[in-house]
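**Q** Could you have a look at this structure, given as structure tokens, before my questions?
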Amino acid sequence: MQVTVDGFVCGPDGQLDWMTPPDEKGAAFRDAITDTVDTILGGRKMLEGFVQYWESVQPGHPWYSFAQKMVNTPKIVFSKTVSELPGKNLRVENGDLVKCVKALKKLPGKDIIVYGGASFVSSLIEHGLIDEYYFAVNPTAIGSGKQVFKQRTALKLVRAKSFPNGKVLLIYKPQK
């Protein structure tokens, strides 16, 4: 998840204009992580635009190869308001979030990755459904916005990696 140095995942109205694009090393790391997953989860508000964006990336664009990974990876959108959304390899889940995610985690296959949004990730955190956190800390503070942690949550640092563009990747696991 992209975050600011002051802990926000988006501005008060969902603004993402503070994000720093990945540099070459960051993009390589992102690609390597993506190769370890076979399912993308997200909330409707975020994943709807996410799907539209990646499906619109054309051949010749520098991110086309990554976009194809996003398009071809199965995506599950959790929603309480819609039962269908347009998009390739996309299904909408209206059932109980906790039961569905626990069932998905028991299936054979690769890892599951969550791309957001803030409310959806907060729900996963609240129910203890995240096994590992990847925070890409951008070298920007925005002063206010949305956060994913709603309560004290103890985490154990697994790895930290800095990138030439000023981003720092922090990987944590929940402390048991």
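**Q** Can you give me the number of residues within region 16-38 that are hydroxyl-bearing (S, T, Y) and at pLDDT 95 or above? Lay out the reasoning, then the answer.
**A** Applying the first criterion (hydroxyl-bearing (S, T, Y)) to region 16-38 yields 20, 34, 36.
So of that shortlist, the ones also at pLDDT 95 or above come out as 36.
Going through region 16-38 one residue at a time, the tally reaches 1.
**Q** Looking at region 73-95 only, could you name the residues that are surrounded by 11 or more Cβ atoms within 10 Å (Cβ to Cβ) and either of a type in the set (D, E) or within 19 Å of D111 (Cβ to Cβ) (or both)?
**A** T73, P74, K75, I76, V77, F78, N89, L90, R91, E93, listed by residue number.
**Q** Hey, another quick one. Name, by its number, the condition in (1) touching a Gly at 6+ places or on another chain (Cβ under 8 Å); (2) surrounded by fewer than 17 Cβ atoms within 10 Å (Cβ to Cβ); (3) part of a helix (DSSP H, G or I) that does not hold for D6.
**A** (3)
**Q** Just one of the numbered conditions (1) within 14 Å of E48 (Cα to Cα); (2) modelled with pLDDT of 95 or more is not true of L85; which one?
**A** So L85 meets the others, but not (2).
**Q** Are there any pairs with C-beta distances below 7 angstrom linking a residue in region 1-15 that is aromatic (F, W, Y) to a residue that is in a loop (DSSP other than H, G, I, E, B), with the two at least 6 apart or on different chains, and if so which?
**A** Between residues of region 1-15 that are aromatic (F, W, Y) and residues that are in a loop (DSSP other than H, G, I, E, B), the close pairs are F8/I142; F8/G145; F8/Q147.
**Q** Identify all residues within region 19-47 that are assigned to a helix (DSSP H, G or I), under 13 Å from the mean Cα position of the chain (by Cα) and not charged (D, E, K, R); write none if there are none.
**A** I33, T34, M46, L47
**Q** If you don't mind, there's one more thing I want to ask. I'd like the residue in region 148-166 that is surrounded by fewer than 17 Cβ atoms within 10 Å (Cβ to Cβ) and either acidic (D, E) or under 17 Å from G117 (Cβ atoms) (or both) and, out of all such residues, is nearest to the chain's Cα centre (by Cα).
**A** First, pick out the residues of region 148-166 that are surrounded by fewer than 17 Cβ atoms within 10 Å (Cβ to Cβ): 149-162, 164-166.
So of that shortlist, the ones also either acidic (D, E) or under 17 Å from G117 (Cβ atoms) (or both) come out as 149-150.
On the way: F149: 14, K150: 18 Å.
Applying the filter and picking the extreme gives F149.
**Q** Consider region 91-135. How many of its residues are among the small types (G, A, S) and either assigned to a loop (DSSP other than H, G, I, E, B) or more than 23 Å from I171 (Cα to Cα) (or both)? Reasoning before the result, please.
**A** Of all residues in region 91-135, those among the small types (G, A, S) come to 95, 103, 109, 116-119, 122-123, 128.
Checking the rest, the ones that are also either assigned to a loop (DSSP other than H, G, I, E, B) or more than 23 Å from I171 (Cα to Cα) (or both) come to 95, 103, 109, 116-117, 128.
Looking only at that region, the number is 6.
**Q** Only one residue in G128, G145 is buried (at least 18 other Cβ atoms within 10 Å of the Cβ), at pLDDT 95 or above and either more than 12 Å from the chain's Cα centre (by Cα) or closer than 24 Å to S79 by Cα (or both), so which one is that?
**A** Working: G128 fails: buried (at least 18 other Cβ atoms within 10 Å of the Cβ).
Answer to the check: G145.
**Q** Does region 48-90 hold any residues that are assigned to a helix (DSSP H, G or I) and either of a type in the set (A, V, I, L, M) or under 20 Å from F29 (Cα atoms) (or both), and which are they?
**A** Within region 48-90, F50, V51, W54, Y64, S65, F66, A67, Q68, K69, M70, V71, N72 qualify.
**Q** Let me confirm something: among V82, V98, which residue is in contact with a Leu (Cβ under 8 Å, 6 or more places away or on another chain), touching a residue at least 24 places away in the same chain (Cβ under 8 Å) and not acidic (D, E)?
**A** Working: V82 fails: in contact with a Leu (Cβ under 8 Å, 6 or more places away or on another chain).
None of the others qualify; the one that does is V98.
The values are calculated or read from the model by the stated rules, or taken from the named source; none is laboratory data. Here the structure is a predicted model, which is why all the values come from computation and not from measurement. In this analysis, Cβ positions are derived from the backbone assuming ideal geometry, glycine residues included, and neighbour counts consider all displayed protein chains.
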